[in-house]
Amino acid sequence: MTAKYIFISGGVISSLGKGITAASIAKLLQSKGYEVTNVKCEMYVNIDAGTIRPTEHGEVFVTADGIETDQDIGSYERFLGKDLNSSNFLTTGQIYQAVISRERNLEYDGEDVEVVPHVPEEIIRRVKEAGEKTKAEFVIVELGGTVGEYQGVLFLEANRMMKLKDPKNICHIHVSYLPIPSTVGEMKTKPVQYSVRTLNAAGIQPDFVVGRAALPLDEKRKEKISLFCSVPKDNVISNPDISSIYGVPLIFDEQEFAEKILKHFNLKPRTQDLREWKKLVNTIKTVKEEVKIGIVGKYFQTGDFTLEDSYISIIEAVKHAAWANNLKPVIQWLASEKYEKDPKDLSELKNYDGVIVPGGYGSRGVPGKILAIEYLRKNRIPFLGLCYGMQLATIEFARNVAGLKDANTTEVNPKTAHPVISLMSEQEEFLKNKNYGDTQRLGNHPCKILPRTLAGRAYGKTTQVMERHRHRYEFNNAFRDVLEKKGLIISGINPERNLVEIIELAAPGAGSSQGHPFFLGTQFHPEFKSRPLNPHPLFKEFVRVSASNKKRSL
């Protein structure tokens with residue numbers, strides 16, 4: 001059938017939950033038997049998200065084909081349970097770059113190139129290309145930002161132009177916020193009315209309005225939105241705050257949201273299959289035994305507030321693994337810099353069943369992370385190091401076990417006598433020329449798993465995996481022999497270039513309590529491949545051992 005396009009805009013405030021709304025609608029349409037893909041449109045002029053710091057715009061997510069995107073692509077993948085690619089993510093920077101390139105190549109046949117219509121036309125071309133590449137029947141296009149921001153006008157114009165040309169195959173869903181002022185105690189619809197009027201000013205009338213609020217929308221609120229926003233009352237959908245984002249598809253399903261969307265396109269459900277998803281949500285609601293996981297990082301603070309979005313894929317991967325082990329995840333943030341100020345604070349790590357040291361860049365917070373890793377190693381607390389976390393674990397082992405006292409990464413100390421972590425050879429020219437964007441080792445690369453290791457146990461019978469990467473620095477093979485002789489186990493290798501992908505310490509053997517229960521670091525980012533219905537095996541094993549270690553301690 002001809003592809004159907006659903007545009008999703010947001011109003012009133014950012015961080016409204018458009019991404020989860022878009023992902024939930026995609027999940028529902030998928031459950032009705034349709035092939036679905038998601039596209040995220042970002043308003044910034046950056047070509048991709050790779051050069052944006054996490055505290056500015058949240059986590060940088062990496063696709064299998066190596067594009068650096070914002071965190072919404074991760075949400076889409078987790079809800080749909082499938083990989084997306086570079087065509088699913090576009091920015092204003094990409095669009096202008098493409099238009100200017102075509103102009104330079106005389107592809108506009110001598111026309112003067114205008115912002116309108118040529119920029120919206122390029123957006124339309126890219127949106128359609130995403131559907132064609134994935135053979136999607138539904139393409140759900142989330143527009144970043146909020147209506148009224150001038151940088152989003154061209155994406156709304158693309159939506160308007162598509163609707164004008166092919167109205168039967170276009171739908172617009174507007175997600176807006178209904179506050180409940182504490183001094184009034186009543187849910188207010190006026191912000192929604194104004195955001196829809198702003199959308200109208202761009203030439204778009206929404207077909208559906210999704211009301212985001214702390215509480216469910218009552219009939220009176222729905223009637224008001226219907227009257228003042230010219231939307232049928234049945235097409236006003238309630239999306240209240242709930243404890244888990246994975247419950248949103250079920251809230252929508254109760255309101256027959258997918259059926260209403262299909263009816264808009266004169267289609268009917270082909271299947272009804274949300275059984276596994278409902279089972280997951282039931283587990284989330286009913287599981288009681290806790291597993292307490294700490295994350296030692298430095299991208300938490302934004303002013304006086306804590307930003308969870310910096311590590312959202314890790315948080316979700318821990319949750320997936322916990323639920324798969326019938327455990328309730330309790331995740332807490334641990335700022336690495338406080339361990340540098342007062343090492344006595346390291347004792348708090350004993351309060352956690354397991355600790356993760358995630359990725360990052362630069363020297364800030366590194367000494368504290370290394371102190372934390374040393375404490376976790378010596379006190380046999382389960383540890384999972386991701387990317388930079390794996391590199392710092394290598395440094396800690398080199399210094400404190402192998403006796404290479406000034407061991408370091410050349411990222412922090414280019415003149416270290418023992419560069420156990422060093423810049424990859426192909427990266428030298430990039431950094432010399434300050435060519436930072438889209439030049440890291442990115443996307444899927446193979447990793448061969450050594451059998452009879454901790455990694456081998458986690459992956460089971462799988463001996464080679466594809467995992468996603470995002471780094472410039474790598475384990476220095478010149479130090480491999482000396483570190484292995486001191487007990488470091490290299491359990492994962494990239495077979496193409498002989499690069500170290502996984503390090504670990506020996507686990508307790510049969511009948512012996514000696515060894516570390518779980519000490520493992522990966523150069524890649526396993527969190528990017530974790531799904532709620534298919535947790536990543538390394539996270540699943542880490543959480544399982546953490547819970548078992550807790551019981552042993554008790």
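Every read-out reported here was derived from the displayed coordinates using simple, explicitly stated rules and does not represent laboratory data. Since we're looking at a predicted model, the values are computed, not measured. Cβ sites come from the backbone with ideal geometry, for glycine too, and all protein chains shown count toward neighbours.
Remarks
- For the chain, the longest principal axis of the C-alpha atoms and the axis of helix 366-378 are separated by about 60°.
- The shape of region 287-553 comes out rounded: with a ≥ b ≥ c from the C-alpha gyration tensor, a/c is under 1.5.
- Only Cα pairs under 8 Å and 6+ residues apart enter the sum, and on that basis the relative contact order of the chain stands at 15 percent.
- Share antiparallel - DSSP beta bridges, region 379-481, percent rounded to 5: 85 percent
- Within region 4-279, percent of DSSP bridges classed antiparallel, to nearest 5: 5 percent
- The chain - mean residue ellipticity at 222 nm from DSSP helices (-39,500 (n - 2.57) per run, n ≥ 4, rounded to 500): -11000 deg cm²/dmol
- Relative to the dominant Cα principal axis of the chain, helix 190-201 is inclined by about 70°.
- Share antiparallel - DSSP beta bridges, the chain, percent rounded to 5: 35 percent
- Rounded to the nearest 20 debye, the dipole magnitude of the chain is 1960 debye, with +1 charges on Lys and Arg beta carbons, -1 on Asp and Glu beta carbons, and the Cα centre as origin.
- Least to most buried among Asp109, Asp48, Asp345, Asp253 (fewest other Cβ within 10 Å first): Asp109, Asp345, Asp253, Asp48
- Each residue in Ser336, Ser243, Ser24 was given a count of other beta-carbon atoms within 10 angstrom of its own, and listing them fewest first yields Ser243, Ser336, Ser24.
- Degrees between helix 275-286 axis and first principal axis of the chain (Cα, 0 to 90, nearest 10): 60 degrees
- Label corresponding to Cα extents along the principal axes in Å when calculated from the structure given, among (i) 72, 60, 47; (ii) 88, 53, 49; (iii) 104, 60, 55: (i)
- Ranked Met161, Met1, Met390, criterion: other C-beta atoms within 10 Å, fewest first: Met1, Met161, Met390
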